[in-house]
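So the structure is just underneath, and the comments pick up after that.
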Amino acid sequence: MAGVRAIVVWLAAAGVLYGWACRVHAQGQAGVFVALAAPKQLRVDGDLGEWRRQHFQSIGDAANSSADVSLAYDVTGLYVAARVHDDSLVRTAQPSPREDALVVTLAFAEAGHWTARELWLYAGVVGRSAAVLALQRAGGATQEPLHKPASIVEGPLDGGYALEAFIPWASLGHGAHWQFARGAVRLHDVDRAGAAAHERSSSSAHAAGELPWLIFDGGPVQALSGLLREKNLGATTPKLDWVGELRADGKAVRVLVLGTFVVLSDQAGRFTFEDLPASSSADVLDAQLRDLTGDERPELVLRLRQQNELGSRELLRVLDLQPAHATPIFGIETRKQTPQGFVDAKLEIRAGRPPVISVRSGQSKGLSEQNYQETPATGIEAMLLPWGPIAERDYSWNGSRFAVLRELPNPHAQPAAAKPETAAPAASVAPVAQLAAPAPAGVSAVLDAYRQARGVPAGAHPSFSLQANVAQDARAESVLVFGNEVVVAGEGFREGTSFFYFALPVRDPADVLQLFGGDVTGDGRSELFVRLRQHLGEVTRELLFGYTFVADALQPIVSIEVARAHARDSIVNVPALVREGRHSALLVKPGTATGWTAASYPYLSGSQDGVGPLLLPWQDGDMRYRFDGQKLVGAPAH
């Protein structure tokens with residue numbers, strides 16, 4: 001599909017017809033700016049005086065075969081004004097493509113499929129024939145004349161003729177979504193009766209979905225221009241550019257995957273964007289829309305690659321597009337690559353109501369149970385490994401999440417091998433065991449149910465605990481860490497009848513280093529922060545993860561690397577919550593470096609795998625992370 005290749009640089013104020021031509025590009029094709037007409041400003045009478053402040057876009061350059069064209073709009077329809085330079089008008093009483101005409105091609109989307117219609121504007125001849133408007137499906141052979149309220153009038157012009165026309169959106173079929181129209185204008189010039197036509201167009205594209213966008217003043221395509229400029233995406237080819245009725249309100253939404261961003265834009269020009277956990281556009285391997293929940297509305301299905309200097313991984317990620325912001329609802333790893341080798345899994349999506357995501361273990365080379373160190377990120381399902389206990393697993397939407405539908409055991413599973421005895425690297429934050437505060441009687445029963453369901457011994461003590469209001473009503477919940485799992489229960493949480501738990505992305509419980517909470521969203525409830533240690537070959541790093549509850553579902557809001565060590569070299573940042581008015585922000589200081597210097601540090605700086613980058617003491621200042629409504633976003637602290 002066509003994508004925006006340059007940004008809008010001319011703006012027209014609402015309610016006033018301004019006089020600048022504005023061009024953007026989509027796949028190299030020049031687009032036409034469509035000005036906003038003030039109420040009752042334009043009269044279709046053949047006199048182009050009302051258009052005198054409008055700069056007309058030129059089509060063709062011959063003195064006897066060219067046109068200057070301007071477009072304008074209001075909520076009722078499209079206006080066209082043209083000065084056509086033609087020393088010999090070919091026109092009969094029954095206009096057809098064998099005669100001179102100005103043609104405006106408009107393409108509209110329905111469920112992502114583009115359909116083009118052509119407006120043929122035939123000038124009249126004074127005293128002999130009236131001007132005619134006709135509608136034709138692009139590539140078709142039949143033209144249908146348009147009558148009132150559509151209108152067209154020719155006017156006098158030295159060396160040619162003037163045209164002025166109005167076409168209601170309702171006359172154009174799918175014109176209800178006209179704010180997302182693509183289009184082009186061409187001059188259809190016939191030198192003499194019976195001769196072949198010569199055509200000159202504002203665009204060389206022919207397919208409806210490859211035509212450039214029409215840039216409606218104040219419309220959704222123009223509204224995105226600032227984002228494209230800010231993110232330097234003007235020359236980036238989109239992985240996906242789709243327009244259709246996405247939600248129950250029946251209004252069109254544009255879904256754009258461009259660079260590392262997912263943008264949702266509505267007809268009114270409002271848009272939201274999410275930054276994907278990928279380093280560059282090349283790491284967004286594929287993007288498509290597909291209904292995976294069975295509600296006949298598509299989800300966004302992405303294949304992403306995440307990489308850093310220690311290796312790379314690929315994953316499938318599914319985003320729900322019904323909220324204003326694209327929201328992750330499923331993810332699973334499908335490939336891991338390190339200097340030692342690779343391991344992958346095979347994934348397919350099978351048709352059904354709802355469809356089934358089927359995953360089976362694949363191949364490995366150089367990686368095995370003995371040297372495989374990967375642990376998935378929170379919210380991402382672990383890859384099925386050739387040596388693991390499960391050979392194949394099916395997931396399906398159960399109305400609230402993607403649940404396991406079926407599992408097949410792996411006949412080639414290998415027992416966990418004993419790891420070589422090595423001294424664990426010291427953590428930059430010592431994991432201090434904390435005694436859980438006594439839970440209310442009702443909550444104790446819910447926690448007993450968790451222990452039984454998850455195989456936690458009845459006498460096991462949590463390694464960390466927290467009493468704080470993290471979800472739902474104003475009462476405090478008990479937040480406990482058992483092994484590598486966090487469990488939440490409370491009298492006001494899920495009516496005190498059930499628990500919520502999630503697995504942390506570590507294998508060894510000793511790598512859970514810290515649990516703390518604080519309100520960083522300003523809703524009066526505490527968010528959860530967990531500091532973890534991960535082992536990546538000979539390198540260890542510490543990550544800080546933040547989570548917030550939306551209703552009773554957990555949503556990640558931040559992940560930052562805060563420490564890294566190799567042998568005797570290390571860098572340790574210092575994160576802390578600091579008050580900002582009635583809530584807090586997350587402040588991260590660069591801290592100290594031991595061994596490494598600016599000259600000897602062997603790794604790339606900056607984020608390479610979707611995790612906020614480690615601050616380097618010799619180049620970075622303090623970073624302050626604030627909540628933007630969806631996640632914590634970092635900016636230099638002043």
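Any chance you could count how many residues in segment 589-599 are farther than 19 Å from T540 by Cα and part of a strand (DSSP E or B)? Before the answer, list the steps.
First, the residues of segment 589-599 that are farther than 19 Å from T540 by Cα: 589, 598-599.
Retained after the next criterion (residues that are part of a strand (DSSP E or B)): 589.
The total comes to 1.
Looking for something over 14 Å from the mean Cα position of the chain (by Cα), on the phi > 0 side of the Ramachandran plot and buried (at least 18 other Cβ atoms within 10 Å of the Cβ) - is there at least one such residue anywhere in segment 310-326? First the steps, then the outcome.
We begin by selecting, within segment 310-326, every residue over 14 Å from the mean Cα position of the chain (by Cα); these are 310-316.
So of that shortlist, the ones also on the phi > 0 side of the Ramachandran plot come out as 311.
Going one step further and asking which of them are buried (at least 18 other Cβ atoms within 10 Å of the Cβ), we end up with 311.
Taking every residue of segment 310-326 in turn, at least one turns out to be over 14 Å from the mean Cα position of the chain (by Cα), on the phi > 0 side of the Ramachandran plot and buried (at least 18 other Cβ atoms within 10 Å of the Cβ).
Just to be sure, is G226 at pLDDT below 85, surrounded by fewer than 20 Cβ atoms within 10 Å (Cβ to Cβ) and in contact with a helix residue (DSSP H, G or I) (Cβ under 6 Å, 6 or more places away or on another chain)? Outline the logic, then answer.
Numbers: at pLDDT below 85: yes; surrounded by fewer than 20 Cβ atoms within 10 Å (Cβ to Cβ): yes; in contact with a helix residue (DSSP H, G or I) (Cβ under 6 Å, 6 or more places away or on another chain): no.
Against the criterion (at pLDDT below 85, surrounded by fewer than 20 Cβ atoms within 10 Å (Cβ to Cβ) and in contact with a helix residue (DSSP H, G or I) (Cβ under 6 Å, 6 or more places away or on another chain)), G226 does not qualify.
Restricted to segment 138-159, and to residues that are over 17 Å from P95 (Cβ atoms) and not aliphatic (A, V, I, L, M), which residue is least open to solvent (accessible area, probe 1.4 Å)? Even if it seems obvious, please write down each step before you answer.
Step one: of segment 138-159, the residues over 17 Å from P95 (Cβ atoms) are 138-139, 148-149, 155-159.
This time we only want the ones that are not aliphatic (A, V, I, L, M), so: 139, 148-149, 155-156, 158-159.
Details: G139: 83, K148: 191, P149: 93, G155: 10, P156: 127, D158: 147, G159: 51 Å².
Only one residue tops the list, namely G155.
Please identify the pairs in which a residue from segment 102-117 that is without any contact (Cβ under 8 Å) to a residue 60 or more places away in the chain and at negative phi has its Cβ atom under 7 Å from the Cβ atom of a residue that is surrounded by 21 or more Cβ atoms within 10 Å (Cβ to Cβ) and part of a strand (DSSP E or B), counting only partners at least 6 apart or on another chain.
Between residues of segment 102-117 that are without any contact (Cβ under 8 Å) to a residue 60 or more places away in the chain and at negative phi and residues that are surrounded by 21 or more Cβ atoms within 10 Å (Cβ to Cβ) and part of a strand (DSSP E or B), the close pairs are R117/L106.
Residue check: is E491 assigned to a loop (DSSP other than H, G, I, E, B) and open to solvent by 20 Å² or more (accessible area, probe 1.4 Å)? Quick ask: steps written out before the conclusion?
Details: assigned to a loop (DSSP other than H, G, I, E, B): yes; open to solvent by 20 Å² or more (accessible area, probe 1.4 Å): yes.
When the stated conditions are applied, E491 passes them.
Hey, does segment 602-609 have a residue that's open to solvent by less than 20 Å² (accessible area, probe 1.4 Å) and touching a strand residue (DSSP E or B) at 6+ places or on another chain (Cβ under 6 Å)? Walk me through how you get there before you give the answer.
So in segment 602-609, the residues open to solvent by less than 20 Å² (accessible area, probe 1.4 Å) come out as none.
Within segment 602-609, none of the residues are open to solvent by less than 20 Å² (accessible area, probe 1.4 Å) and touching a strand residue (DSSP E or B) at 6+ places or on another chain (Cβ under 6 Å).
Within segment 272-283, is there a residue that is part of a strand (DSSP E or B), surrounded by 15 or more Cβ atoms within 10 Å (Cβ to Cβ), touching a residue at least 40 places away in the same chain (Cβ under 8 Å) and among the hydroxyl-bearing types (S, T, Y)?
yes
Six or more apart or on different chains, Cβ atoms under 8 Å: show the pairs whose first residue is in segment 390-413 and among the acidic types (D, E) and whose second is open to solvent by 60 Å² or more (accessible area, probe 1.4 Å).
From segment 390-413, the pairs are E392/R360; E392/R406; E392/E407; E392/L408; D394/V404; D394/L405; D394/R406; D394/E407.
Quick one: how many residues across segment 474-488 are farther than 20 Å from G546 by Cβ and either open to solvent by 50 Å² or more (accessible area, probe 1.4 Å) or part of a helix (DSSP H, G or I) (or both)?
Number satisfying all stated conditions: 2.
Among the numbered criteria (1) at pLDDT 90 or above; (2) assigned to a strand (DSSP E or B); (3) more than 20 Å from A181 (Cβ to Cβ), which one does V255 miss?
The one condition V255 does not meet is (3).
For (1) in contact with a Ser or Thr (Cβ under 9 Å, 6 or more places away or on another chain); (2) without any contact (Cβ under 8 Å) to a residue 12 or more places away in the chain; (3) closer than 18 Å to V255 by Cβ; (4) not β-branched (V, I, T), each residue gets a yes or a no:
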site: A193; (1), (2), (3), (4): yes, no, no, yes
site: A196; (1), (2), (3), (4): no, yes, no, yes
site: S201; (1), (2), (3), (4): yes, no, no, yes
site: E210; (1), (2), (3), (4): yes, no, yes, yes
site: L214; (1), (2), (3), (4): no, no, no, yes
site: T236; (1), (2), (3), (4): yes, no, yes, no
site: L240; (1), (2), (3), (4): no, no, yes, yes
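Would you mention how many residues in segment 459-502 are over 17 Å from S526 (Cα atoms) and free of Cβ contacts under 8 Å to residues at least 40 places away in the same chain?
Total satisfying the criteria: 9.
Anything in segment 74-122 that is part of a loop (DSSP other than H, G, I, E, B), of a type outside the set (V, I, T) and under 21 Å from G183 (Cα atoms)? List them, or say none. Don't jump to the end; show me each part of the working.
Taking segment 74-122 first, the residues part of a loop (DSSP other than H, G, I, E, B) are 74-76, 87-100, 111-112.
This time we only want the ones that are of a type outside the set (V, I, T), so: 74, 87-89, 91, 93-100, 111-112.
Scanning segment 74-122 gives D74, P97, D100, A111, G112.
Please state which of the following conditions G250 fails to meet, knowing it meets all the rest: (1) on the phi < 0 side of the Ramachandran plot; (2) surrounded by fewer than 19 Cβ atoms within 10 Å (Cβ to Cβ); (3) out of contact with any Phe, Trp or Tyr (no Cβ under 8 Å at 6 or more places or on another chain); (4) of a type outside the set (K, R).
So G250 meets the others, but not (1).
Starting from residues that are farther than 16 Å from F330 by Cα and open to solvent by less than 40 Å² (accessible area, probe 1.4 Å), keep the ones in segment 284-307 and report whichever is farthest from the chain's Cα centre (by Cα).
Q306
Condition test on Q54, is it farther than 22 Å from R200 by Cβ, in a loop (DSSP other than H, G, I, E, B) and not charged (D, E, K, R)?
Details: farther than 22 Å from R200 by Cβ: no; in a loop (DSSP other than H, G, I, E, B): yes; not charged (D, E, K, R): yes.
So Q54 does not fit the description; no.
For G46, work out the one condition from (1) modelled with pLDDT of 85 or more; (2) buried (at least 19 other Cβ atoms within 10 Å of the Cβ); (3) under 41 Å from the mean Cα position of the chain (by Cα); (4) farther than 17 Å from W213 by Cα it doesn't fulfil.
Here G46 clears every test but (3).
Filter segment 63-121 for residues that are farther than 20 Å from G46 by Cβ, among the acidic types (D, E) and open to solvent by 50 Å² or more (accessible area, probe 1.4 Å) and give the result.
The answer is E110, and nothing else.
The values are calculated or read from the model by the stated rules, or taken from the named source; none is laboratory data. Just so it is clear, the structure is predicted and the values come from calculations on it, not from any experiment. Here the Cβ is made from the backbone with ideal geometry for all residues, glycine too, and neighbour counts use every protein chain on show. Please note that ligands, DNA and RNA were not included when accessible areas were found on the heavy atoms of the full protein model with its side chains. Shrake-Rupley method; radii C 1.70, N 1.55, O 1.52, S 1.80 Å.
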